[in-house]
1. What about residue 118, is it in contact (Cβ under 8 Å) with a residue 12 or more places away in the chain, touching a helix residue (DSSP H, G or I) at 6+ places or on another chain (Cβ under 8 Å) and assigned to a helix (DSSP H, G or I)?
2. Here is a list: 125, 133. Which entry is at negative phi, modelled with pLDDT of 90 or more and over 13 Å from the mean Cα position of the chain (by Cα)?
3. Tell me yes or no: at least one residue of region 87-107 is in contact with a helix residue (DSSP H, G or I) (Cβ under 7 Å, 6 or more places away or on another chain), outside any strand (DSSP E or B) and surrounded by 19 or more Cβ atoms within 10 Å (Cβ to Cβ).
4. Residues in region 136-150: is at least one in a loop (DSSP other than H, G, I, E, B), at pLDDT 90 or above and more than 12 Å from the chain's Cα centre (by Cα)?
5. Could you list, in sequence order, the residues of region 70-80 that are touching a residue at least 40 places away in the same chain (Cβ under 8 Å) and over 19 Å from residue 41 (Cα atoms)?
6. Of the residues 160, 175, which is under 19 Å from residue 72 (Cα atoms), surrounded by 13 or more Cβ atoms within 10 Å (Cβ to Cβ) and touching a residue at least 12 places away in the same chain (Cβ under 8 Å)?
7. For region 1-82, which fully contained helices (runs of 4 or more DSSP H) count at least 1 residues that are in contact with a strand residue (DSSP E or B) (Cβ under 7 Å, 6 or more places away or on another chain), surrounded by fewer than 16 Cβ atoms within 10 Å (Cβ to Cβ) and modelled with pLDDT of 95 or more?
């Protein structure tokens, strides 16, 4: 199973890496417009959003839109690499970010206030690959799997979990393990998929 996941990661990261900057920007704009027009996003008061890294879909316009519309935006920060732990902080501006683990821009805990994850109405998650059953393949660190597990302990009801990626990141099947938490939705440049 581990070899299968590695092969899927290698293949999809190569495909995503082959997008030109213009293609990535155009597809990212489509994803952001889909998210802005989505009822779950519109109703959400508090949402978790990742800061795009490398050739991931760029969600900076979504973050700006959310802040302008007085939504509380929580951004993840790696706080424990050894145990794969994330903590989410309130986003108040791009100047509060610093380069953190893995070269990803993260909230500076000296400037940002910790967010209350139990108040989340929507979680927007990154991923390397997705399938049409809601399975998600990340980069291999298990950060979001651990976050989802902790969230299920702290919340009465798990909020919707929407993966974000390009259509080319959809594969036939992702090998799943007992600790994997399925997404409820996947948002691409072409569609919003809903999983039961």
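1. Yes.
2. Working: 125 fails: over 13 Å from the mean Cα position of the chain (by Cα).
From the options 125, 133, the qualifying one is 133.
3. First, pick out the residues of region 87-107 that are in contact with a helix residue (DSSP H, G or I) (Cβ under 7 Å, 6 or more places away or on another chain): 88, 91, 107.
Now narrow it down to the ones that are outside any strand (DSSP E or B): 91.
Then drop every residue that is not surrounded by 19 or more Cβ atoms within 10 Å (Cβ to Cβ), which leaves 91.
Yes, there is a match, as at least one residue in region 87-107 is in contact with a helix residue (DSSP H, G or I) (Cβ under 7 Å, 6 or more places away or on another chain), outside any strand (DSSP E or B) and surrounded by 19 or more Cβ atoms within 10 Å (Cβ to Cβ).
4. No, region 136-150 has no match at all.
5. Matches in region 70-80: 78 only.
6. Values: 175 fails: under 19 Å from residue 72 (Cα atoms).
Result of the check over 160, 175: 160.
7. Working: elements: 2-17, 21-37, 39-43, 60-68.
Where helices (runs of 4 or more DSSP H) fall fully within region 1-82 and carry at least 1 residues being in contact with a strand residue (DSSP E or B) (Cβ under 7 Å, 6 or more places away or on another chain), surrounded by fewer than 16 Cβ atoms within 10 Å (Cβ to Cβ) and modelled with pLDDT of 95 or more, they are 60-68.
The values are calculated or read from the model by the stated rules, or taken from the named source; none is laboratory data. None of these values were measured; they are calculated from a predicted model. Please note: Cβ atoms are built from the backbone with ideal geometry, for glycine as well, and neighbour counts cover all protein chains shown.
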